[in-house]
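Worksheet: one structure, shown below.
Every number here is computed from the coordinates shown, using simple stated rules; none is lab data. Everything quoted here is computed from the prediction, not taken from an experiment. Note that we place each Cβ from the backbone using ideal geometry, even for glycine, and neighbour counts take in every protein chain shown.
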Amino acid sequence: MDIVFQFGPVFKRMDLIIDGVTMTIQVALLSTFLGFLIGIICARIRIEGSKKAKFVVACYVEFIRNTPFLVQLFMFAFGLPQFVALLGFNIRPSPYYLAIIALSINLGAYSTEIIRAGLEAIPKSQIEAAQGLALTPFQIFSRISLPPAIAKVYPALSSQFILHMLGTSVISTISVQELTLSAGRIQSETFRAFESYFIVTAIYFALAIAFRIIFKLAARFALPWLHKTTNRS
């Protein structure tokens, strides 16, 4: 039997693909930003926090890193609304917001360990010198410790962010209209499974390359700025 590829029917539903790409980029950027903030806060706690705070953050990191993201997503998408209902609140967050929460918390755990490694690589003498200048703990962290730490682990962070963007495909399982779900809808309408997922695979590949280029360009400007910020301090 001859196999004939027909991409025409798939291209006719480019509106779904464009919507999916837009949603994928939006969710990836927002959850990356929130996950990065979570990583910074938790990394600082793991370095400078109290024993109880360190224990709580350590439990959070270990739980997230040692359980499948799909299970975490289902826990937030189906378990969290039920838990809120048991507390007497009639709140039904949309799958979009639940996906953002799950993605941000997941990335936050991985970012925590990456940023913590960068913070631990900062020489203690540099911190002691800042303390000798009577800087506050927040000033020491934000001006002395964090900028060079981010610079040291920037390659690892950028790689994690790209993996995170690709991982957004999982949120299609809770009916968030991102790229993978768009492919599923097109496939169900056109019955062209290979063509639909081939195009979506190519788009994910292009997005990953684009993000990698953006991170490399950002490194040329951001990393020197981070070093200058530390030197000025």
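Per residue, the average separation of C-alpha pairs within less than 8 Å and at least 6 apart gives the chain a relative contact order of 31 percent. Charge dipole of segment 1-136 (Cα centre as origin; +1 on each Lys and Arg Cβ, -1 on each Asp and Glu Cβ, all else neutral): 400 debye, rounded to the nearest 20. Dipole magnitude for the chain: about 840 debye, using +1 per Lys or Arg Cβ and -1 per Asp or Glu Cβ, origin at the Cα centre. If the segment from PHE5 to GLU120 were pulled out straight at 0.36 nm per residue, it would be longer than the present Cα-Cα gap by 36.0 nm. Here the simple spin-label model places points 7 Å from the Cα toward Cβ, and for ALA193 and ARG92 these points are separated by 3.3 nm. Between PHE83 and THR201, the simple label model (points 7 Å from Cα in the Cβ direction) yields a spacing of 3.7 nm. Here the peptides 82-89, 110-117 are ranked by packing, the mean other Cβ count within 10 Å, and the order with the highest first is 110-117, 82-89. If you take the alpha carbon atoms of the chain and fit the smallest convex hull around them, that volume is 162 Å³ per residue. In this structure, ALA129 and LYS54 have a Cβ-Cβ separation that, at R0 = 35 Å, corresponds to a calculated FRET efficiency of about 0.90.
Shown for the chain are the DSSP H helices of 20 Å or more along their axis, judged by Cα atoms, with a mean Kyte-Doolittle hydropathy of at least -0.5: 14-48, 51-65, 95-120, 146-167, 193-232. Rounded to the nearest Å, what's the spacing between the alpha carbon centres of segment 177-216 and segment 105-123? Just the number, please. Their Cα centres are 31 Å away from one another. Of the peptides 39-46, 193-200, the ranking by mean beta-carbon count within 10 Å, highest at the top, reads 39-46, 193-200.
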